[in-house]
Amino acid sequence: MRFVVATHGHCFDGLASATLFTRLIQETREEPTSFVYRACGYGPDQAKANDGLLDGDENAILDYRYAASSALSWFFDHHPTAFGTPEERGHFDQRQPSGRFFFDPTYSSCTRLVSDISAKTFGVETPALRELVRWADKIDAARFTSAEEAISRDEPVMRLATVVEHHGDDLFLATTIPKLLTKTLLELATSSRIEQAYLPLGQKHTEFIDLIRAKSQLKDGVVLADLTDQTLQSLGKFVTYALFPQSTYSVVVGVIDSSAKISVGYNPWSGQPRKADISAICARYGGGGHPFVGGVSLALSDVARARTIALQVAQELGSCV
């Protein structure tokens, strides 16, 4: 039995979800099963969970947008923007009675959703992966005590999460998930492989903080940072909140690899209520996410349009403060 697991790539929750799902299948199947992991993303050049990828005997999509494919066997997601069209939602509703299709936007992480369904529906408990579930939930829901804690990399698991964000492709998933199933999360996070991968990223993280400080403007409670004059490796989610604690929202636009990306977020430490649904705003521009954080990806040739969208989003959020 060949299982294809298409999960959100370059994302700690995507990695952790695939790990929990792998354990679920291992515990509920008697026949030999092999796993192929596909890292999916929303950028123009990133893999999409479509028929071309879903070529296993059984196929799963985790922590990623739904695909109305007859090849799809399993689905787990928690994003309000999981369904791009009413037809996709209708396809999901038709398949849901099979007992393998799960969607719950009230969950703060897909990893916890997979963990809970594994236990409640299939009777598969995963105590050895409890720390992985806890950290995936904390990171994806931004359950940090402060913005400073969110951008700190003192914790080994936060360094691992940084490595995943930068290197979480198919090969990384294929080599890392088996280790998470046999080692503790801390053992993996402190391994020489992860520590060595993090070293250059740690320097980049420091440089990114300085770049945000130099390129950001605060207006009407919204931080707008235009970083499109250079190519970056990622757009940090929490740096603006640490540098501008009085801000309610942030909009960061930049160039990553061959895409123009816009990262939008709500500052949970601002003391101000969140009045905007960020996932809905991003969805209007072809993106998605959660009510409190989301993003939009465009082709590299659309950098000018990305700047325009970023400004429009910042102005809309400013009107909500």
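The values are calculated or read from the model by the stated rules, or taken from the named source; none is laboratory data. Just so it is clear, the structure is predicted and the values come from calculations on it, not from any experiment. Neighbour counts run over all protein chains shown; Cβ positions are idealised from the backbone, glycine included.
Which of (1) among the hydroxyl-bearing types (Ser, Thr, Tyr); (2) in contact with a Lys or Arg (Cβ under 6 Å, 6 or more places away or on another chain); (3) over 28 Å from Val252 (Cα atoms) does Tyr198 not meet, given it meets every other one?
(3)
Going through the stretch 237-259 one residue at a time, which ones are at pLDDT 95 or above, over 20 Å from Phe144 (Cα atoms) and either surrounded by fewer than 24 Cβ atoms within 10 Å (Cβ to Cβ) or touching an Asp or Glu at 6+ places or on another chain (Cβ under 7 Å) (or both)?
Within the stretch 237-259, just Val253 meets the criteria.
Which is within 21 Å of Ile212 (Cβ to Cβ) and over 21 Å from the mean Cα position of the chain (by Cα), of Ser297, Ser270, Ser301, Ser259? So that I can check it myself, show each step before the final result.
Details: Ser297 fails: over 21 Å from the mean Cα position of the chain (by Cα); Ser301 fails: within 21 Å of Ile212 (Cβ to Cβ); Ser259 fails: over 21 Å from the mean Cα position of the chain (by Cα).
Answer to the selection: Ser270.
Can you pull out every residue in the stretch 306-321 that is modelled with pLDDT of 95 or more, surrounded by 15 or more Cβ atoms within 10 Å (Cβ to Cβ) and either in contact with a Leu (Cβ under 8 Å, 6 or more places away or on another chain) or among the hydrophobic types (A, V, I, L, M, F, W, C) (or both)?
Ala306, Ile309, Ala310, Val313, Ala314, Leu317
Can you tell me which of (1) under 22 Å from Gln46 (Cα atoms); (2) under 15 Å from the mean Cα position of the chain (by Cα) is the one Phe292 doesn't meet?
(1)
Considering only residues of the stretch 217-245 that are hydroxyl-bearing (Ser, Thr, Tyr) and within 23 Å of Ala299 (Cα to Cα), which is nearest to the chain's Cα centre (by Cα)?
Ser234
Looking at the stretch 165-175, is at least one residue free of Cβ contacts under 8 Å to residues at least 60 places away in the same chain and surrounded by 14 or more Cβ atoms within 10 Å (Cβ to Cβ)?
Going residue by residue through the stretch 165-175, those that are free of Cβ contacts under 8 Å to residues at least 60 places away in the same chain are 171, 175.
In the following step, the residues that additionally are surrounded by 14 or more Cβ atoms within 10 Å (Cβ to Cβ) were identified as none.
Taking every residue of the stretch 165-175 in turn, none turns out to be free of Cβ contacts under 8 Å to residues at least 60 places away in the same chain and surrounded by 14 or more Cβ atoms within 10 Å (Cβ to Cβ).
Among Ile262, Ile209, which is within 26 Å of Gly318 (Cβ to Cβ) and modelled with pLDDT under 95?
Among Ile262, Ile209, only Ile209 is within 26 Å of Gly318 (Cβ to Cβ) and modelled with pLDDT under 95.
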